[in-house]
Amino acid sequence: MKLFDVYPLFNIIPVKAEGAYMWDSEGNKYLDLYGGHAVISVGHSHPHYIQKITDQLNQIGFYSNSVVIPQQQELADKLGQLSGFDSYQLFLCNSGAEANENALKLASFATGRKKVISFNKGFHGRTSAVVAITDNPKIVAPVNETENAIILPLNDIDRVVECLKNEDVAAVIIEGIQGIGGIRVPEPAFLEELERRCKKYGTLLILDEIQSGYGRSGKFFAFQYTNIKPDLITTAKGMGNGFPIGGLLIQPELKPWYGMLGTTFGGNYLACAAGIAVLEIMEKEQLVGNAQKVGQYLMQTLAGFKQIKEVRGHGLMIGLEFEEPIKAIRQKLLEDEKVFTGVSGTHIIRLLPPLSLTMEQANDFISKFEKVLNVLYAKAEQN
């Protein structure tokens, strides 16, 4: 049976990983500044993470949500404590797309409305409702198309208010920091006014923190650089450090009823073990503070590189925009310097390393990056 060929692949086979490093089948060692799309939060193969999942698997690996699973409450308590949202409720699922799907469904149930506002260059997932509000027509199949999706310019409050005034919008969904959209940070004043207007017109505000949450920005959630308190917060990627898990944080006024939401695998024993381990490591090793400190250093240093048009982001969620396409830069970093990075479109390099990245590793990257840029731009000038 052939694999369905939907991924352009690097010809690399990772076989081992530890911290911020990865080794391939040829024995090459890579510095991982992408963390598998911001998934690796506490570092590859952290011993506490491995032990927690192993211990759980030796006891029981799975049963359905028809029984009491104490680890779900343990995860909720820890998440509430570290995020500052201990008054909220938690629904556990398996991925970011699922978290966003359930957020939209819950908002629609609560308001009795159908329409959803999202923003240009936003990305919220590939499943039915969320792909319809994702600003990429290429991945929206005819079956996903809907008149209920309203995609507006980011930071344009007037356009949002025009739509909210109709009082038929169930939810506004916005990323704490746009990831695929190019590490674009919503203006704090826009977010605060957005919250105020949503409350005025009876619309729920959903903060998609799938990529920007879980300490990556230097705050637990990226929107915490502002004073807002969303109705719903979605999370996934860094939540399980590679184990599939997603979550929906729900403000206390929204009341559940049996069958309102549901999942077979969400909140299973192993997922909860992974999620608890991640939070314990984040707390013990003070990884949110580390992300802020190392990220700030990286951004300040890289802002001094004359080849870079703009440096954007918070913490260890960094976008480097160039005037020229970055394919050659990224390829040379990977092949010659053994550094993994990500992209947003054709002109932006995305850095999403583990939150445990050290200053020494940051300096190692800066040195290798500078070397690559000097070589490539010297060649360009000669040509």
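The values are calculated or read from the model by the stated rules, or taken from the named source; none is laboratory data. These numbers were taken from a predicted model, which means no experiment stands behind them. Virtual Cβ from ideal backbone geometry, glycine too; neighbours counted across all protein chains shown. Note: accessible area is taken over every heavy atom of the protein model, side chains too, but ligands, DNA and RNA are not part of it. Shrake-Rupley method; radii C 1.70, N 1.55, O 1.52, S 1.80 Å.
For region 309-317, does any single residue satisfy the condition of being in contact (Cβ under 8 Å) with a residue 24 or more places away in the chain and touching a Pro at 6+ places or on another chain (Cβ under 8 Å)?
Yes - at least one qualifying residue is present in region 309-317.
Looking only at region 342-366, which residues are closer than 23 Å to Q296 by Cβ, open to solvent by 50 Å² or more (accessible area, probe 1.4 Å) and either polar (S, T, N, Q) or at pLDDT below 95 (or both)?
Residues satisfying the conditions are T358, N363.
Within region 24-73, how many residues are touching a Leu at 6+ places or on another chain (Cβ under 8 Å) and either of a type in the set (K, R) or farther than 27 Å from Q361 by Cα (or both)?
Looking only at that region, the number is 6.
Given the criteria in contact (Cβ under 8 Å) with a residue 40 or more places away in the chain, farther than 23 Å from Q211 by Cβ, open to solvent by less than 10 Å² (accessible area, probe 1.4 Å) and of a type in the set (A, V, I, L, M, F, W, C), does V339 qualify?
On the way: in contact (Cβ under 8 Å) with a residue 40 or more places away in the chain: yes; farther than 23 Å from Q211 by Cβ: no; open to solvent by less than 10 Å² (accessible area, probe 1.4 Å): yes; of a type in the set (A, V, I, L, M, F, W, C): yes.
So V339 does not fit the description; no.
For G247, are the conditions met, namely being in contact (Cβ under 8 Å) with a residue 12 or more places away in the chain, closer than 15 Å to L92 by Cα and loosely packed, with under 14 Cβ neighbours inside 10 Å? Can you show your working first?
Values: in contact (Cβ under 8 Å) with a residue 12 or more places away in the chain: yes; closer than 15 Å to L92 by Cα: yes; loosely packed, with under 14 Cβ neighbours inside 10 Å: no.
Judged against the criteria, G247 is not a match.
Pick from region 131-163 the residues that are open to solvent by less than 40 Å² (accessible area, probe 1.4 Å) and part of a strand (DSSP E or B): which of them is farthest from L204 (Cα to Cα)?
Here the answer is L152.
Take G181 and tell me if it is in contact with a helix residue (DSSP H, G or I) (Cβ under 8 Å, 6 or more places away or on another chain) and either of a type in the set (S, T, N, Q) or in a loop (DSSP other than H, G, I, E, B) (or both). Lay out the reasoning, then the answer.
Details: in contact with a helix residue (DSSP H, G or I) (Cβ under 8 Å, 6 or more places away or on another chain): no; either of a type in the set (S, T, N, Q) or in a loop (DSSP other than H, G, I, E, B) (or both): yes.
So G181 fails the test.
Looking only at region 79-105, filter to residues that are buried (at least 19 other Cβ atoms within 10 Å of the Cβ) and charged (D, E, K, R); which one of those is farthest from L205 (Cα to Cα)?
In this case the residue turns out to be E98.
Name every residue in region 325-336 that is touching a residue at least 24 places away in the same chain (Cβ under 8 Å) and either open to solvent by 50 Å² or more (accessible area, probe 1.4 Å) or touching a Lys or Arg at 6+ places or on another chain (Cβ under 6 Å) (or both), in order of residue number. Outline the logic, then answer.
The first filter runs over region 325-336 and keeps only residues touching a residue at least 24 places away in the same chain (Cβ under 8 Å), leaving 328-329, 332-334, 336.
Within region 325-336, A328, D336 qualify.
If I filter region 192-226 down to residues being surrounded by 24 or more Cβ atoms within 10 Å (Cβ to Cβ) and assigned to a helix (DSSP H, G or I), which single residue comes out as farthest from the chain's Cα centre (by Cα)?
L194
Which one of the conditions (1) open to solvent by 50 Å² or more (accessible area, probe 1.4 Å); (2) more than 21 Å from G176 (Cα to Cα) does E310 fail to meet, given that it meets all the rest?
Of everything listed in (1) open to solvent by 50 Å² or more (accessible area, probe 1.4 Å); (2) more than 21 Å from G176 (Cα to Cα), E310 misses just condition (2).
Among what's in region 255-302 and is hydrophobic (A, V, I, L, M, F, W, C) and open to solvent by 70 Å² or more (accessible area, probe 1.4 Å), pick the residue that is farthest from S108 (Cα to Cα). It would help to see each step written out before you state the result.
As a first pass, look at region 255-302 and keep what is hydrophobic (A, V, I, L, M, F, W, C): 257, 260-261, 265, 270-274, 276-279, 281-282, 287-288, 291, 294, 298-299, 302.
Applying the additional criterion that residues be open to solvent by 70 Å² or more (accessible area, probe 1.4 Å) yields 257, 265.
Numbers: W257: 14, F265: 24 Å.
In this case the residue turns out to be F265.
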